[in-house]
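Engineer: Following this message is one structure expressed as structure tokens.
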Amino acid sequence: MPLRTETLLRACNQRWLRRLSRWLLLWLGLAGPVLPGHGQADGPVFRLLRPRARQASVPFSLQRNLIVVEVRLNGRGPYNFLLDTGLASSLITDPDVGRELQLPTTDRFLVSGAGEESALEAYRVPAVSVALDGQVGAARASFLMLSDDVLNISGYVGLPVHGLLGADVFRHLVVKIDAEQQQLVFRSPAHFRAPFGRRWAIIPLEFDGAKAYLNLPVQLSDSLQLPLRLVLDTGAGHALSLETTSDPRLRLPPQHLRTQLGRGLNGTINGFLGRVPALQLGRYRVGNLLTSYPDSSDVAGRAETFRNGNLGFELLKRFTTIIDYPHNRLLLRPNSKFRDPFEHDMCGFDLLAFGSEYRRYRLLRIESGGPADKAGLLAGDEIISINLIPAEFFSLTDISRMLHSADGRLLLFVVRRAGTDELVSARVRLTRQI
């Protein structure tokens, strides 16, 4: 879901805020903002905190294809942050964190396009100490902090989220992401040795404005294969997103589904879901890949350097991944999820978690003509139970997996109609549409 910023009071910071405002599209799988200079001296240096340490392990939680890590700011917390290679600088989305820590701010900005009549304020927060599990950190990291939590990332992820850690974390360390064990391993570049073995694929990374790109062959049809330039994006929840305006040969596949791909400051991001026959990742060929195609009007003017799309964590989570910015390479080894099929939401509604524990769920939008619509579910309904199990027993990630699980599966929902005490039951049969 991107956030596209239209105007800024400070022209010198216009590009930076524009990158920020597009982030929400990114984690729903559509786009990644530009990073400001790979290896820049003025960026914060994340390092191993233990003396003479050569590596450090940090646990994470994988929620809706997003990496959630616990972070301490100025020695306090922990706070939940998303780890995102696609974001230039780190971001505090929950202003309560700033008030709690009494963070000093500089450089006030006004950001329009927030979906409200009043403008959204944002502030620069300099020199914040950051620590991940006491193992990895930076002494003086700079953040941007929003005046209001308009993104409501917590509601879309299903647990409290206070911000995002950007590419600064990756610039000076080699980072292994083990999605199965939900473990990050940070290594000093000077002591890192690339693993050997036939199962490892090594793919070069290119940097343009510090954004990491892969050049990968993508089979678009039986007769057409193109080398495409894709952003490496751990903050994107999809597998692959392609921008048809980037090349006239990029077209929608014959079978596609019109849908809402995300939501941002300027409103909904519309487009299509389809499939490409195959994508080549080094020695590995990934087939029948679910792909997002955002409308050209929603991506127009977004890319500051040329790219055809981006590669997200729905695909990367099927590998043990080593992101090696210092040596300009990506290393991949398939895990047990490598052959899992790529599925879309086969129910046809969008969910938002709410409540003190984010264990209450409301239907935001119903896909017209989809299974949920045919079963009589309505936008605004609150889920009370699924298959006779109370909704509070499920995380948002659990429900998302259920909705992606199997074509033909029957789910029994009990919902409370918005603004009433009326309970309604609905039988929804999951239906694969592409």
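Engineer: What's the ranking of 328-334, 306-312 by average number of surrounding C-beta atoms within 10 Å, highest first? Spell out each step's value before the answer.
Structural biologist: Values: 328-334: 17.9, 306-312: 24.0.
My ranking of the peptides, most packed first, is 306-312, 328-334.
Engineer: Taking the Cβ of Arg198 as the centre, find all other residues whose Cβ is under 14 Å away and add up their charges (Lys, Arg: +1; Asp, Glu: -1).
Structural biologist: Numbers: positive: Arg199, Arg283, Arg333; negative: none.
Net charge around Arg198: +3.
Engineer: Separate question: Using a cut-off of 10 Å between beta-carbons, work out the net charge of the residues near Arg401 (Lys and Arg +1, Asp and Glu -1, Arg401 not included).
Structural biologist: With Lys, Arg at +1 and Asp, Glu at -1, the neighbours total -1.
Engineer: Now, a different point. When the Kirkwood hydrodynamic radius is evaluated over all pairs of different C-alpha atoms of the range 349-429, what value in angstrom, to one decimal, is obtained? Please list the in-between numbers first.
Structural biologist: Values: mean 1/r = 0.0790 Å⁻¹.
Mean inverse Cα-Cα distance, inverted, gives 12.7 Å.
Engineer: Another question about this same structure. Using amide H atoms built in the peptide plane, which far-off residues or other-chain residues are under 5 Å from Thr234 H to H?
Structural biologist: HN-HN under 5 Å from Thr234: Thr85, Gly86.
Engineer: Output needed: percent of Cα pairs per 5 Å distance bin for the range 374-418, bins running from 0 to the one holding the longest distance.
Structural biologist: Histogram of Cα-Cα distances, whole percents per bin: 5, 20, 27, 32, 14, 2.
Engineer: Another question, if that's okay. Arg283 to Ala379: extension gain in nm, 0.36 nm per residue of separation minus the Cα-Cα distance?
Structural biologist: Contour length minus the Cα-Cα distance gives 30.1 nm.
Read-outs throughout are calculated quantities, based only on the coordinates presented, and are distinct from any laboratory measurement. Just so it is clear, the model here is predicted, and its values are computed rather than measured. Heads up, the Cβs are rebuilt from the backbone with ideal geometry, glycines too, and the neighbour counts pull from every protein chain shown.
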